[in-house]
1. So Leu69 clears everything in (1) in contact (Cβ under 8 Å) with a residue 24 or more places away in the chain; (2) in a helix (DSSP H, G or I); (3) surrounded by fewer than 17 Cβ atoms within 10 Å (Cβ to Cβ); (4) touching a strand residue (DSSP E or B) at 6+ places or on another chain (Cβ under 8 Å) except one condition, right? Which one?
2. Going through region 31-49 one residue at a time, which ones are part of a strand (DSSP E or B) and either buried (at least 17 other Cβ atoms within 10 Å of the Cβ) or modelled with pLDDT of 95 or more (or both)?
3. Can you name every residue in region 76-108 that is within 14 Å of Pro46 (Cβ to Cβ), in a helix (DSSP H, G or I) and not β-branched (Val, Ile, Thr)?
4. Can you tell me which residue among Lys28, Lys76, Lys64, Lys24 is surrounded by fewer than 17 Cβ atoms within 10 Å (Cβ to Cβ) and either in contact with a His (Cβ under 8 Å, 6 or more places away or on another chain) or within 17 Å of Ala115 (Cβ to Cβ) (or both)?
5. I'd like the full set of residues that are surrounded by 11 or more Cβ atoms within 10 Å (Cβ to Cβ) and either of a type outside the set (S, T, N, Q) or assigned to a helix (DSSP H, G or I) (or both), limited to region 50-61.
Amino acid sequence: MLNERQELERSTLNKRIWIRKLQKDGQKETGRFIVILYSIGQSDSPQVAFIVSGKVGGAVVRNKIKRRLRELLRNKARKFLKRGYYLVIAKKAIVNAKFDQVESEILELIQSISANA
């Protein structure tokens, strides 16, 4: 039986593995503010990860963007996501974007993903 630390390391490793796989082989939907890499149907529920690089801004800015993206996916877009893996990558333009603009773009991209699947 694994202890808590081993379980955490194992889940982190699994997350790293599927993020790398998505970056290499995933399908892509691109918008002005974000890019979504995805692979549908390989997990029991939607698995979402976020990447906001240092190019976007400092730690405070990156954390703010991640909080916004998490909130949007938790409340608005989660019901549209099919089971699978999703990697949301923020572009530099997201820094100056309004919350409503990012929200509408995420919904458009997710609906596009659903239509293609």
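The values are calculated or read from the model by the stated rules, or taken from the named source; none is laboratory data. This one's a predicted model, so the numbers in the text were calculated from it and none came from an experiment. Note that each Cβ is placed from the backbone with ideal geometry, even for glycine, and that neighbours are counted across all protein chains shown.
1. Only one criterion is unmet by Leu69, namely (3).
2. Taking region 31-49 as the starting set, the residues that turn out to be part of a strand (DSSP E or B) are 34-40, 46-49.
Of everything in region 31-49, those that are part of a strand (DSSP E or B) and either buried (at least 17 other Cβ atoms within 10 Å of the Cβ) or modelled with pLDDT of 95 or more (or both) turn out to be Ile34, Val35, Ile36, Leu37, Tyr38, Ser39, Ile40, Pro46, Gln47, Val48.
3. At the first step, the residues of region 76-108 found to be within 14 Å of Pro46 (Cβ to Cβ) are 76-88, 106.
Add one more test, that the residue is in a helix (DSSP H, G or I), and what stays is 76-80, 106.
Scanning region 76-108 gives Lys76, Ala77, Arg78, Lys79, Phe80.
4. Details: Lys76 fails: either in contact with a His (Cβ under 8 Å, 6 or more places away or on another chain) or within 17 Å of Ala115 (Cβ to Cβ) (or both); Lys64 fails: either in contact with a His (Cβ under 8 Å, 6 or more places away or on another chain) or within 17 Å of Ala115 (Cβ to Cβ) (or both); Lys24 fails: either in contact with a His (Cβ under 8 Å, 6 or more places away or on another chain) or within 17 Å of Ala115 (Cβ to Cβ) (or both).
Every option except Lys28 fails the conditions.
5. Filtering region 50-61 down to residues surrounded by 11 or more Cβ atoms within 10 Å (Cβ to Cβ) leaves 50-53, 56-57, 61.
Result: Phe50, Ile51, Val52, Val56, Gly57, Val61.
Residues checked against (1) over 18 Å from Trp18 (Cα atoms); (2) out of contact with any Phe, Trp or Tyr (no Cβ under 9 Å at 6 or more places or on another chain); (3) at pLDDT below 90:
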position: Ile51; (1), (2), (3): no, yes, no
position: Val56; (1), (2), (3): yes, yes, no
position: Ile65; (1), (2), (3): yes, no, no
position: Leu69; (1), (2), (3): yes, no, no
position: Lys79; (1), (2), (3): yes, yes, yes
position: Lys91; (1), (2), (3): yes, no, no
